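I have placed the structure first, in the form of structure tokens, so that the comments after it can refer back to it.
The values are calculated or read from the model by the stated rules, or taken from the named source; none is laboratory data. Remember, it's a predicted structure, so these values are computed and weren't measured experimentally. Cβ: placed from backbone, ideal geometry, glycine included. Neighbour counts: every protein chain shown. For the accessible areas, the whole protein counts, side chains as well, though only heavy atoms, and no ligand, DNA or RNA atoms are used. Shrake-Rupley method; radii C 1.70, N 1.55, O 1.52, S 1.80 Å.
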Amino acid sequence: MTLNDLQNLVLFESGIVRLTMFTMIKVIVVLLIARILNRTFTRIFNKAIKSNRINRSSAFALKKIAQYFVWVIALLYIMDVIGAPITVLLASSTALFVGLGLGMQETFKDFVSGIILLTERTVTVGDIIESDGLVGKVSEISLRTTKVWTRDQISVIIPNSKLTNQGFINWTHQKTSTRFNVDVGVKYGSETREVERLLSDCMNQHKLVSKNPKPSVQFRDFGDSSLVFRCHFYSTELFKIEFIKSDLRHAINEAFNKADITIAFPQLDVWIKQTGEQ
């Protein structure tokens with residue numbers, strides 16, 4: 001058997017599709033080139049991140065889009081090499097694609113939403129988001145789903161269409177610190193300026209409360225059973241914010257105890273009216 005005969009050796013043939021030894025080699029070469037290109041893209045983006053020419057989130061999005069593009073081009077070329085005309089396949093498989101479209105409607109929706117998230121960058125890797133009461137840090141954004149780590153170190157997979165269609169809160173979008181608050185009520189008769197000073201001291205002494213913008217205190221209202229105050233503060237430690245609030249409540253309680261200020265609790269006066277015996 002000559003080299004020419006070996007190259008034209010038919011390995012598989014079915015209808016218009018004909019796979020010879022030579023076409024098999026071409027398919028393998030195309031797959032290798034696609035793999036090398038994707039690894040090259042990864043190295044390029046990693047170097048760009050290290051040299052601060054591009055941020056990590058943008059690099060991740062661009063790398064994903066480039067890799068998917070390479071594989072799509074490679075697949076189309078392979079189909080052409082083995083003799084499978086794409087236009088004929090599309091025309092003859094219309095009914096199949098309609099069925100797949102109906103059955104995979106949600107998947108296609110997630111796919112398109114993934115492209116939107118990767119290009120618009122409304123959410124990026126490392127952002128802290130809240131969706132349906134779930135708070136977590138984004139660890140990966142793929143074309144179909146977004147992976148989020150919660151405060152309990154649980155990995156949650158969110159379909160991309162849920163983020164684009166239903167909306168979410170991005171706590172770290174375009175800024176590094178976020179404002180939070182802690183409410184407290186004291187009994188009537190308390191010295192309000194002293195209460196305000198103690199609350200400010202408690203916030204200023206906490207190491208995870210930002211000093212700029214400064215914490216502030218509002219005298220909110222004359223409540224039914226208490227004088228209502230609200231502590232406003234900023235913090236960059238969004239994942240630890242519930243622990244920070246807990247620390248502040250402990251500090252406020254200790255400060256009030258030392259200053260003999262009572263934290264109010266709901267009270268209800270009940271009047272009993274006695275009537276004469278019948």
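Looking at the stretch 113-129, can you tell me whether even one residue there is at pLDDT below 80, more than 15 Å from the chain's Cα centre (by Cα), part of a helix (DSSP H, G or I) and closer than 30 Å to Gly167 by Cα? No, the conditions are met nowhere in the stretch 113-129. Looking only at the stretch 177-187, decide whether some residue is in a loop (DSSP other than H, G, I, E, B) and either over 30 Å from Asp132 (Cα atoms) or among the small types (Gly, Ala, Ser) (or both). Checked against the condition, which is being in a loop (DSSP other than H, G, I, E, B) and either over 30 Å from Asp132 (Cα atoms) or among the small types (Gly, Ala, Ser) (or both), the stretch 177-187 yields at least one hit.
Screening Glu140 against (1) among the charged types (D, E, K, R); (2) surrounded by fewer than 15 Cβ atoms within 10 Å (Cβ to Cβ); (3) part of a helix (DSSP H, G or I) leaves a single unmet condition, (3). Residue count for the stretch 225-278, restricted to those that are of a type in the set (D, E, K, R), open to solvent by 100 Å² or more (accessible area, probe 1.4 Å) and either farther than 14 Å from Ser190 by Cβ or assigned to a helix (DSSP H, G or I) (or both): 7.
In the condition set (1) surrounded by fewer than 13 Cβ atoms within 10 Å (Cβ to Cβ); (2) basic (Lys, Arg); (3) more than 30 Å from Thr262 (Cβ to Cβ), Arg193 is compliant with all but (3). Looking at Val72, is it in a helix (DSSP H, G or I), at pLDDT 80 or above and surrounded by 15 or more Cβ atoms within 10 Å (Cβ to Cβ)? Here the answer is no, as Val72 does not meet what is asked. Beta carbons closer than 6 Å, at least 6 apart along the sequence or on distinct chains, never pair a first residue in the stretch 40-62 that is more than 22 Å from Leu117 (Cα to Cα) with a second that is modelled with pLDDT of 75 or more and not β-branched (Val, Ile, Thr).
With respect to the conditions (1) touching a strand residue (DSSP E or B) at 6+ places or on another chain (Cβ under 8 Å); (2) at pLDDT 80 or above, Glu106 falls short on a single one, namely (2). Scanning the stretch 21-39 for residues that are at pLDDT 85 or above and open to solvent by 80 Å² or more (accessible area, probe 1.4 Å) yields Ile28, Leu32, Ile33, Arg35, Ile36, Arg39.
Candidates Val182, Val209: the one that is in contact with a Cys (Cβ under 6 Å, 6 or more places away or on another chain), under 30 Å from Val123 (Cβ atoms) and not hydroxyl-bearing (Ser, Thr, Tyr) is Val182. Can you pull out every residue in the stretch 201-224 that is open to solvent by less than 90 Å² (accessible area, probe 1.4 Å) and touching a Lys or Arg at 6+ places or on another chain (Cβ under 6 Å)? Listed by number, the list holds a single entry, Gln218. Quick check: anything in the stretch 223-230 under 34 Å from the mean Cα position of the chain (by Cα) and either of a type in the set (Gly, Ala, Ser) or at pLDDT 95 or above (or both)? Yes. Leu134 fulfils the conditions (1) closer than 21 Å to Thr178 by Cα; (2) crowded, with 18+ Cβ neighbours inside 10 Å; (3) hydrophobic (A, V, I, L, M, F, W, C); (4) free of Cβ contacts under 8 Å to residues at least 40 places away in the same chain except for a single criterion, (2). Screening Phe108, Phe180 for residues that are aromatic (Phe, Trp, Tyr) and crowded, with 16+ Cβ neighbours inside 10 Å leaves exactly one candidate, Phe180.
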